[in-house]
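Enquirer: The structure that follows is given in the form of structure tokens.
The values are calculated or read from the model by the stated rules, or taken from the named source; none is laboratory data. Here the structure is a predicted model, which means the values were calculated and not measured. FYI the Cβ positions are ideal-geometry reconstructions off the backbone, even for glycines, and counts take in every protein chain you see. Areas reflect the complete protein model, heavy atoms only, side chains present, ligands, DNA and RNA absent. Shrake-Rupley method; radii C 1.70, N 1.55, O 1.52, S 1.80 Å.
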Number of protein chains: 2
Amino acid sequence: MKTFFLVILLLCTLSAFSEDGYNLWLRYAPVENAVLLQSYQSQIKNIVINAETPTLKAARNELETGLSKMLGIRPAFTETFKGVGNLAIGLPHAFEVIKDNANAQELQNIGAEGFILRQTENNNLIITANTDIGLLYGVFRFLQILQQEQPLSDINVVDSPKTQIRILNHWDNLNRTVERGYAGFSLWDWFRLPEVIHPRYIDYARANASIGINGTALTNVNANAQILTPVYLEKVKALADAFRPYGLKVYLTARFSAPMELDKLPTADPLDKQVQEWWKKKVAEVYSYIPDFGGFLVKADSEGQPGPHNYNRTQAEGANMLADAVAPHGGIVMWRAFVYDQHVPEDRTKQAYNEFKPLDGKFRDNVIVQVKNGPLDFQPREPFHPLFGGMEKTNLMMEFQVTQEYLGFSTHLVYLAPLYEECLQFDTHVKGEGSTVAKTIDGSLLGQKLTGMAGVSNIGTDRNWTGHTFGQANWYAFGRLAWNPYLGSHEIADEWIKMTFTKNSGFVKPVKEMMLKSREICVNYMTPLGLHHIMAAGHHHGPGPWVDGRRPDWTAIYYHRASPDSIGFDRTSAGSNAVGQYHEPVAKLFDNNETCPEEYLLWFHRVPWDYRVKSGNTLWNEMAFRYQKGVDGVRKMQKTWDSLKDYVDFERFGYVESLLGIQEKEAVWWRNSCLLYFQAFSNMPIPEAVEKPDKTLDFYMNIRELYMPGHH
Amino acid sequence: MKTFFLVILLLCTLSAFSEDGYNLWLRYAPVENAVLLQSYQSQIKNIVINAETPTLKAARNELETGLSKMLGIRPAFTETFKGVGNLAIGLPHAFEVIKDNANAQELQNIGAEGFILRQTENNNLIITANTDIGLLYGVFRFLQILQQEQPLSDINVVDSPKTQIRILNHWDNLNRTVERGYAGFSLWDWFRLPEVIHPRYIDYARANASIGINGTALTNVNANAQILTPVYLEKVKALADAFRPYGLKVYLTARFSAPMELDKLPTADPLDKQVQEWWKKKVAEVYSYIPDFGGFLVKADSEGQPGPHNYNRTQAEGANMLADAVAPHGGIVMWRAFVYDQHVPEDRTKQAYNEFKPLDGKFRDNVIVQVKNGPLDFQPREPFHPLFGGMEKTNLMMEFQVTQEYLGFSTHLVYLAPLYEECLQFDTHVKGEGSTVAKTIDGSLLGQKLTGMAGVSNIGTDRNWTGHTFGQANWYAFGRLAWNPYLGSHEIADEWIKMTFTKNSGFVKPVKEMMLKSREICVNYMTPLGLHHIMAAGHHHGPGPWVDGRRPDWTAIYYHRASPDSIGFDRTSAGSNAVGQYHEPVAKLFDNNETCPEEYLLWFHRVPWDYRVKSGNTLWNEMAFRYQKGVDGVRKMQKTWDSLKDYVDFERFGYVESLLGIQEKEAVWWRNSCLLYFQAFSNMPIPEAVEKPDKTLDFYMNIRELYMPGHH
């Protein structure tokens, strides 16, 4: 036994010398704490589980893998109890001990996906749930508790997800390019599907199940109708079959003009009977391949995508037509609120609200309107989207971006949970104080029956899935927040670090601090003080505050409006009145430049360059200090990381080190470009404490980057 | 010691449960033969090497990895001998024992890249060479001998490469798509270069060094001038630095119109002084980044690529201009002979010879003309290119295609060494009998000073590098044949199977047989009896004997010329006289339909449908039987593979099994499509013994495949 353990230990040690990140937070590294290890080994001698379904087989496989790696023991699987140290896993009536240790009310409360993990009176352990998937989630949580080296004594975890649709959106094209994807190419090997099921598909499903993600939309929101043809449906079916045991439902994006493109209908008018029939028939065809197909995700009337506007129909009419087609099969429609038009002469950030608010209550029950966290487009900082708390009679789901389109691609270390948390915890005041965004979408405040959260995926074919090692933390965080929007960024980071790297506090503490600060550091070197949308055009890589063009809402100058006098977009009641789309007292808070939180200053206000900010500095000086602060922040991250070499395998250490080097260079690039450009307006000197750019504005304005990832 | 060994054994055993193919033929699996294992362990106790240079460090790393995994011992590295069981590695004067065991003549013979590996009188082992790279090659060969479980007693390997430039051509685009690439996307992560050197780059270099490949052209022959700009040169330099210790030189493709594209010169005329100056300056710039830059690979005047023809200059004038620019830096130019033009009213397969033959002897010494194996374009079978033996005063190098553009992409198991061998061993008769193609290019027959072989790479980001597990064998085979064009397909297969899978003869024997037959099987289900170029247009996936179009030399009908009477392209002396480009007696052999080998029948001859082939069958019946034979051949491969489940890890077993399933379906697709189409001309029934197609010709002709890999 001891020799075997030594074997496994050495095995794991040797493989720990080099880690490529493939195993994400499911490394199941050997337990480091000797006391806990012994305690675990005595408590988990025998696992009682009837692994008869695919999901329970998956759960058993995970236990086998996880426990042998973490505990150095091959667990015994039996169908009945043996002595002490039993872990029983089953639905409530599977085993007596389970029935005796979970009451009916608890079981009702945890719903279809929750689980109970507890120690019984006799010092055994049970995991129970109302469904196999609940059991799988419980097993994953159990293994994570061990991986984070938490004690099992008196353990009593009763958990269930607070939203229903917890889904990744892959902006993957059929040619395997990924829009705004920086981690290689699309995971979906369409050419070899349906015959070849890569192990990677299973590991993808495992990773998602481990954080409770239960849905995946496989295709780009800039949709391609071909995915709805039999050739592709066969391939989609193969993926759905591979994912099903892990509770991962498949969704597809629906191209609104598909009837015209695929079958030459003369129109795609949602009120046209022939069009309605076409979708009913097409949907039935999809369900003939995939009986539990989740439904459609739709981007319409936006950035060139066809939609109901083409036929003078409303968003609700468009969504409801699709909803009626999928309803008989139990499907849903996630209809994106990201609708805006350069010909509409209104502040872009107001348009989605203007479009959707009047339609509140007009959507079918199986429609859920998918709303980005902010009213513009995933900037490093945006105020929350006014539709949260704006629509009270409609199912709403959050759309977060996990891929770092505007936050440094896959070369910048930016932990996004603080961004997500900031949005979720913002008080909309729709029903008075405490009406956080989270509450407006999880059904608890407004009573919606359909709830959810979507994450625009940062996953691709790169070996470590997300390009940047720390990008994995954002996938992880998104999943945890979709499951429970009330979790804190720090506790999520704590979990992720311990499982992905080490439990050693000498590492955990500084890395957690680094992660928690990284978002603000990024805001500082890119878009401080409420600046937004000042990145390079097209590929969005690097700074572009000078970006001009024929389409104003795609420029930078439209947003910062820098002039020799002032800078910022007046969204107050005296300006575009975007503030008016919020409930009081939120509207007033933003409207008044003295109460408006400084991080949103230039989002809502237009101020002179010598405006005094809270610190007493002029706006110009403060801006310059913030940019410098961002650069300094990255350098501090580099120092921190360099000091932690002994805690990390050499491969991941070196890789993150290289990426931090890139991030530092790019933070300097951002600072220099923005300060030199805005200085042309402020006409003020760059303050002493800020490093002077060593190149000219002309140099920066002439940079042309070719073949950037994510932009094809 | 025993425990440690047990540890390693278990480590390797456990990891053998699932292999993803990443380790290629460098798995260093534990030695299976217990007697040999003991013998190895006693002979390799102590390794004497002064690992002071990057190359020797690389050699040492390889020994450490390979020996610990294969032998279960951590070898001891010292700077002097210890007792018995020493392996001394060094240049001839590094250690006495080396000097005493390798004589001057031998050392001169092995040149700059060869090595000597032998057992000394005192039962020690030595590896010596004239350069560090030679030592590295010797170390790899040594490790391969162990991996294949050959005895070390009396070992005496004296080997050196027979060609100089042994190079992979990556048709990689800067946006990471790979033209005719079916293994994912480009390895070169331009976006994260130069800062990030992925471990994969090092493993790529190791794999190439292990088979003696010493050059890599990083970019597509359909060239992009941007690679020659500083932004990209910095990235190329980073790759060159990573590859250098492994003896892998970097080359780039040169876009002929680069002076115009990059610096707005009004012309790219090779005789224009300004253009010549531009290239001299540009080349000097490249060498300032990469002092040992190999040189340029050029595709010109072909398929839309710019070239000397645009200025009424010859191929030699174009090549020489570039050659003069790189010569002062020690660089070379590989100038492709793949030149043809639809406006030239001549049999396409004759055009390259017509273009280049008159230029024989007119190329600079540092130019080498790169010639495809056959005169058309990498078909499953072609006669050898008449330029081999056609040009006697010019450096010529072979261009083989490793990626299976016309042989089933990365879903068909086709071992290409028989195709390569067939070409290399063809007797050109340029200097009488025995003037094999191999001899015409390795300098032994015609005295060229610059020799080489290029392989169009099948490598991409897929985890197993080549998409199909057995595609690795083709990369391997190409490398071995570039080193020694006289090796046999069977011995190469033997090496590869033993190192990639197992030494167990219960596996090796049937798999070797399967591999050796696979090329002919593919010819049979695609293009039997000399048929050629009848694949689908554009992406080249699947059959397309009906392909017509405005450009005849890109159709299928141009090549098979099927009519109700006959089929085949008359390339005899009565027809296009392509045969006339060969020396006698080759010309006569092909010219006479009775002596023309049947596998080239329809390449050189036009025959009626009822023409009697050697078997006595009509041409039509024989064609049908060959197609059926191809399908049967794939089914036999499936049976063979299925019977070998116990010898292979489950992951690779299942993957190859899935791919064989695809191959079988596609073989049927080819057979059905071609027979139904040609039947419309032959007007003869498909013979009894051939399965009847279950779909119509119309069905096959209407198949439209979208988003095929390799075609962007």
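Enquirer: Measuring from a point 7 Å out along Cα→Cβ, what nm distances, shortest first, does A:L271 have to its partners in the other copies?
Expert: Taking the point 7 Å beyond Cα along Cα→Cβ, the inter-copy spacings are 7.3 nm.
Enquirer: If you don't mind, there's one more thing I want to ask. Exactly which trypsin sites (Lys or Arg not before Pro) in the range B:579-619 are in a DSSP loop and have at most 12 other Cβ atoms within 10 Å?
Expert: Those satisfying the criteria are B:K614.
Enquirer: Before rounding to the nearest 500, sum -39500 (n - 2.57) across all DSSP H runs of length at least 4 in chain A and divide by the residue total; then give [θ] at 222 nm in deg cm²/dmol.
Expert: -12000 deg cm²/dmol
Enquirer: At B:E52, with labels set 7 Å past Cα in the Cβ direction, how many nm apart are the copies from this one, shortest first?
Expert: 7.3
Enquirer: Any chance you could tell me what percent of the C-alpha pair distances in the range A:604-662 go past 15 Å?
Expert: So the pairs more than 15 Å apart make up 61 percent of the total in the range A:604-662.
Enquirer: Using alpha carbon centroids, what distance separates the range B:115-130 and the range A:645-699, in Å?
Expert: Using only Cα atoms, the two centres lie 55 Å from each other.
Enquirer: Short version: ³J(HN,Hα) in whole Hz for each residue of the range B:562-569, in order, from phi by Karplus 6.51 cos²θ - 1.76 cosθ + 1.60 (θ = phi - 60°), x for Gly and Pro, what are they?
Expert: Along the range B:562-569, the couplings run 4, 9, x, 8, 8, 8, x, 9 Hz.
Enquirer: When the label point is put 7 Å from the Cα of B:V158 along its Cα-to-beta-carbon vector, which residues of the range B:91-113 have a backbone N closer than 13 Å?
Expert: In the range B:91-113, the label zone of B:V158 (backbone N under 13 Å from the point 7 Å along Cα→Cβ) covers B:101-111.
Enquirer: Return a whole-number percent for the relative contact order of the range A:165-491, with Cα pairs under 8 Å and 6 or more residues apart as the contact set.
Expert: RCO, the range A:165-491: 19 percent.
Enquirer: While we're looking at this one, here's another question. How far apart, in nm, are two points set 7 Å out from the Cα along the Cα-to-Cβ line at A:T78 and at B:Q274?
Expert: Taking the two extended label points, one gets 9.0 nm.
Enquirer: Tally Lys and Arg at +1 and Asp and Glu at -1 over the other residues with C-beta under 11 Å from the C-beta of B:K249: what net charge comes out?
Expert: Value of the local net charge: +1.
Enquirer: Taking 8 Å as the Cα distance limit and 6 or more residues as the minimum spacing, I'd like the relative contact order of chain B as a percentage.
Expert: After rounding, I find 12 percent.
Enquirer: Which FRET efficiency value, to the nearest 0.05, do you get for B:E234 and A:D203 by plugging their Cβ-Cβ distance into 1/(1 + (r/R0)^6) with R0 = 41 Å?
Expert: That gives a FRET efficiency of 0.70.
Enquirer: Starting from the amide H of B:I47, placed 1.01 Å from N in the peptide plane, find each other amide H under 5 Å away whose residue is 5 or more places distant or on another chain.
Expert: B:A76, B:F77, B:T78, B:L87
Enquirer: A:R313: net charge of surrounding residues, Cβ under 13 Å, Lys/Arg +1, Asp/Glu -1, itself excluded?
Expert: -4
Enquirer: Using Cα centres only, tell me the gap between the range B:202-245 and the range B:158-191 in whole Å.
Expert: Cα centres, the range B:202-245 to the range B:158-191: 8 Å.
Enquirer: Cross-link candidates for B:K372: which lysines have Cα within less than 17 Å, leaving aside residues fewer than 8 places away along the same chain?
Expert: In chain and number order, the partners are B:K299, B:K350, B:K357, B:K439.
Enquirer: Can you give the % of DSSP beta bridges in chain A that are antiparallel, to the nearest 5?
Expert: Of those bridges, close to 25 percent are antiparallel.
Enquirer: In addition: Any chance you could check the Cα centroid distance between the range B:358-422 and the range B:248-275 for me, in angstrom?
Expert: 26 Å
Enquirer: How big is the Rg/Rh ratio for the protein assembly as shown, C-alpha atoms only, Rh by Kirkwood, two decimals?
Expert: On the Cα set of the protein assembly as shown, Rg over Rh gives 0.97.
Enquirer: Sticking with this structure for a sec: What gaps in nm, shortest first, separate A:G432 from its twins in the other copies when you place the label 7 Å past Cα toward the beta carbon?
Expert: Counterpart label points of A:G432 in the remaining copies fall at 11.0 nm.
Enquirer: Nearest-5 percent of antiparallel DSSP beta bridges in the protein assembly as shown?
Expert: Percent antiparallel among DSSP bridges in the protein assembly as shown is about 25.
Enquirer: Still on this structure, I have one more. Only four residue types carry charge here, +1 at the Cβ of Lys and Arg and -1 at the Cβ of Asp and Glu. Report the dipole size of chain B about the Cα centre in Debye, rounded to the nearest 20.
Expert: In debye, rounded to 20, chain B gives about 680.
Enquirer: Please list log₁₀ I(q)/I(0) at q = 0.13, 0.17, 0.18 Å⁻¹ for the range B:243-354, using the Debye equation with identical point scatterers on the alpha-carbon positions.
Expert: Listed by q, the Debye log ratios stand at -0.51, -0.82, -0.89.
Enquirer: May I pose another question? Sequence-distant or interchain residues sharing an amide H contact under 5 Å with A:E303, placed H: which?
Expert: Those lying under 5 Å, H to H, from A:E303 are A:Y340.
Enquirer: Now a separate question. Treating cross-link reach as a plain straight distance, find the lysines whose alpha-carbon is under 24 Å from the alpha-carbon of B:K665, omitting any fewer than eight places away in the same chain.
Expert: A:K235, A:K237, B:K512, B:K517, B:K629, B:K636, B:K639, B:K645, B:K692, B:K695
Enquirer: Averaged over all directions, how much area does the convex hull of the C-alpha atoms of chain A cover when projected, in nm²?
Expert: Spelled out: convex hull of the Cα atoms, projected over all directions, averaged, 30.9 nm².
Enquirer: What shape does the range B:577-712 take by its C-alpha gyration tensor, where a ≥ b ≥ c are the square roots of the eigenvalues and a/c under 1.5 counts as rounded, a/b above b/c as prolate, and the rest as oblate?
Expert: The shape class here is prolate.
Enquirer: Separate question: Among residues other than B:E285 whose Cβ falls under 12 Å from its Cβ, what is the net charge (Lys/Arg +1, Asp/Glu -1)?
Expert: Neighbour charge sum, excluding B:E285 itself: +2.
Enquirer: Could I ask something else about it? Pop a pseudo-label 7 angstrom from the Cα along the beta-carbon direction at both A:L36 and B:T595 and give the gap in nm to one decimal.
Expert: For the pair A:L36/B:T595, the computed spacing is 8.3 nm.
Enquirer: On average, how much accessible surface per residue is there in chain B, in Å², for a 1.4 Å probe, leaving out ligands, DNA and RNA?
Expert: 35 Å²
Enquirer: Which far-off residues, 5 or more places away or on another chain, put their amide H under 5 Å from the one on A:M334, with H placed in the peptide plane?
Expert: It is A:F296, A:L297, A:V298, A:I368, by chain and number.
Enquirer: Here is a further query. Using θ = phi - 60° and the Karplus form 6.51 cos²θ - 1.76 cosθ + 1.60, what ³J(HN,Hα) does each residue of the range A:386-395 get, whole Hz, x for Gly and Pro?
Expert: Per residue, the Karplus-derived 3J(HN,Hα) values read x, 5, 6, x, x, 9, 10, 10, 9, 5 Hz.
Enquirer: Give the interface area between chains A and B as buried accessible surface, both sides summed, probe 1.4 Å, in Å² to the nearest 100.
Expert: 3400 Å²
Enquirer: Return the sequence-ordered ³J(HN,Hα) values of the range A:216-223 in whole Hz as given by the Karplus equation 6.51 cos²θ - 1.76 cosθ + 1.60 applied to θ = phi - 60°, using x for Gly and Pro.
Expert: Karplus values, whole Hz, x for Gly and Pro: 9, 9, 7, 10, 4, 5, 7, 7.
Enquirer: Number of Lys-Lys pairs in the range B:18-171 under 30 Å by Cα, sequence gap 8 or more or different chains?
Expert: Value for the range B:18-171: 11.
Enquirer: Would you mind calculating the relative contact order of the range B:436-566 from Cα pairs under 8 angstrom and at least 6 residues apart, reporting the percent as a whole number?
Expert: Relative contact order here is 11 percent.
Enquirer: Same structure, new question: Any lysines with Cα under 18 Å of the A:K264 Cα? List them, leaving off those in the same chain fewer than 8 positions away.
Expert: Cα-Cα hits under 18 Å: A:K273, A:K280, A:K281, A:K282.
Enquirer: Using only the alpha carbon atoms of the range B:16-159, find the Kirkwood hydrodynamic radius as the inverse mean reciprocal pair distance, in angstroms to one decimal.
Expert: Taking the inverse mean of 1/r over all distinct Cα pairs, the range B:16-159 comes out at 15.3 Å.
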